[in-house]
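Here the structure comes first, spelled out in structure tokens, and everything after it is commentary.
The values are calculated or read from the model by the stated rules, or taken from the named source; none is laboratory data. Since we're looking at a predicted model, the values are computed, not measured. A quick note on method: Cβ atoms are made from the backbone with ideal geometry, for glycine too, and the neighbour counts reach across all protein chains shown. Surface accessibility is based on the protein's heavy atoms, side chains included, excluding ligands, DNA and RNA. Shrake-Rupley method; radii C 1.70, N 1.55, O 1.52, S 1.80 Å.
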Amino acid sequence: MRPILRLRRVTWLVPTAYLLVYRPWQRSWGATGTEVTDTLPGDEIVPRPQWEATRAVVVDARPDDVWPWLVQMGAHPRAGWYSYDWVDNAGIRSADEIRADLQGLRVGDRLPMTADASAAFVVESIDPTRSLVMSNHAVGGAVSAAFVLRPHGPRGCRLIHRIRFRVPASGLPWAVAMDAGDFVMTRRMLLGIRQRAERLGRRRRGGTEPTDDDPGTPLSYDLSVPIDLPPGRVHALLADVQDLEPFPRAAGVTMTKWPAGPTGVGTRWHERVRLAPGIWMRVESTVTAVSPPVSLDMDFWAGWCEGHLTYTIEPTPSGCRLHQRETLALRRRLPIPASWVDAGLRPRLLDRLADLRDDAQSRPV
């Protein structure tokens, strides 16, 4: 009898916890009380919603750095929803760069909900760098979704997302699924937009963006970035790169050096790289050649890969240009195509190069 009693208690507790704790929390995740109660653009589309949620994130970037990511949204062949692509984008990775061909969004345009499907949001209103509203009318009901940008602090903004819907009785199963699953996808989407917009904002603030001179070869990288410092200072910082820590949030990197003292052949770095919230990868590196102020070479390896990295520093009239040339080989036991790994790794390497430039240029002389 005891197992049956325990099962009854759990059966009672789960829906109670969902209705009284999880549901109210997820419906206002990240949003302030004012944002939840404010009237936002698009509210008039569904004036008496059966269900409404207002979520928000702080973005360390200007509204005009966020806006390009919003206007190119929509499942394939558009740029994706920046969420779980295997759910809504046929496994095609959402764009990590601004697509010029998708920046001319207009009222009435259709944004596919899932890849190559007929269901789509229709753009209802556009207020550049302030709000984007879309809707879907199906099965006798209506859904509205609004993205609102508000300045926050000296160089940031808040990205607010509100969804409202009303459906007839025949659409209740869909409504229940939305109630339970919408938060998972929306949270991932907001964080995906934030990550991309902060990357764009960081690159713009720091000067010329890093360049990718070998974008078509998976797991082979030829990246570079201009730095307004003489070659000797840049090389010295590379030789003790752990002193530039902590990198900004998006980099997700911590490093230690062994042994302490001048960097030379045989110097090792122990590195932890965040792959996802709560998931870290350990990377070991060993210096194989060092030639101040021109270059620094190292071999590296992790549980799933190994490779070689070369930094070279080219003098320029305004300072120098730092080149990062890297090759990577996957271990056989990794059941992931190289193209998938490359799609996730390449933008992170560009981010990290931009972070290194910004941190180097911000250090006192």
Only unsatisfied item for Asp65, checking (1) without any contact (Cβ under 8 Å) to a residue 24 or more places away in the chain; (2) charged (D, E, K, R); (3) buried (at least 17 other Cβ atoms within 10 Å of the Cβ), is (1)
Let me confirm something: among Asp351, Asp359, Asp342, Asp355, which residue is closer than 21 Å to Thr211 by Cβ, in contact with a Phe, Trp or Tyr (Cβ under 6 Å, 6 or more places away or on another chain) and of a type outside the set (A, V, I, L, M, F, W, C)? Asp355
What is the one condition in (1) out of contact with any Asp or Glu (no Cβ under 8 Å at 6 or more places or on another chain); (2) open to solvent by less than 60 Å² (accessible area, probe 1.4 Å); (3) within 21 Å of Pro68 (Cβ to Cβ) that Asn136 does not satisfy? (3)
Provide a single number: the residues in region 44-92 that are over 23 Å from Pro112 (Cα atoms), assigned to a helix (DSSP H, G or I) and out of contact with any helix residue (DSSP H, G or I) (no Cβ under 8 Å at 6 or more places or on another chain). 2
Considering only residues that are assigned to a strand (DSSP E or B), in contact (Cβ under 8 Å) with a residue 24 or more places away in the chain and among the hydroxyl-bearing types (Ser, Thr, Tyr), look in region 305-325 and name the one that is most open to solvent (accessible area, probe 1.4 Å). Thr316
Does Pro41 qualify as being part of a loop (DSSP other than H, G, I, E, B) and in contact (Cβ under 8 Å) with a residue 12 or more places away in the chain? yes
Can you pull out the residues in region 84-96 that are open to solvent by 40 Å² or more (accessible area, probe 1.4 Å) and either of a type in the set (Lys, Arg) or without any contact (Cβ under 8 Å) to a residue 40 or more places away in the chain (or both)? Trp86, Ala90, Gly91, Ile92, Arg93
Members of region 291-316 that are aromatic (Phe, Trp, Tyr) and touching a Gly at 6+ places or on another chain (Cβ under 8 Å): Phe300, Trp301
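Residue by residue, here is whether (1) at pLDDT 80 or above; (2) in contact with a Ser or Thr (Cβ under 6 Å, 6 or more places away or on another chain); (3) farther than 24 Å from Arg199 by Cβ holds:
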| site | (1), (2), (3) |
| --- | --- |
| Arg274 | no, no, no |
| Gly278 | no, no, no |
| Thr288 | yes, no, yes |
| Leu296 | yes, no, yes |
| Gly307 | yes, yes, no |
| Leu322 | yes, no, no |
| Ala329 | yes, no, yes |
| Val341 | yes, no, no |
| Ala354 | yes, no, no |
Filtering region 141-157 down to residues that are surrounded by fewer than 20 Cβ atoms within 10 Å (Cβ to Cβ), touching a Lys or Arg at 6+ places or on another chain (Cβ under 7 Å) and either assigned to a strand (DSSP E or B) or acidic (Asp, Glu) (or both) yields Gly141, Ala142, Arg150, His152
Looking at region 97-133 only, could you name the residues that are closer than 24 Å to Arg199 by Cα, free of Cβ contacts under 8 Å to residues at least 40 places away in the same chain, open to solvent by less than 40 Å² (accessible area, probe 1.4 Å) and not in a loop (DSSP other than H, G, I, E, B)? Leu102
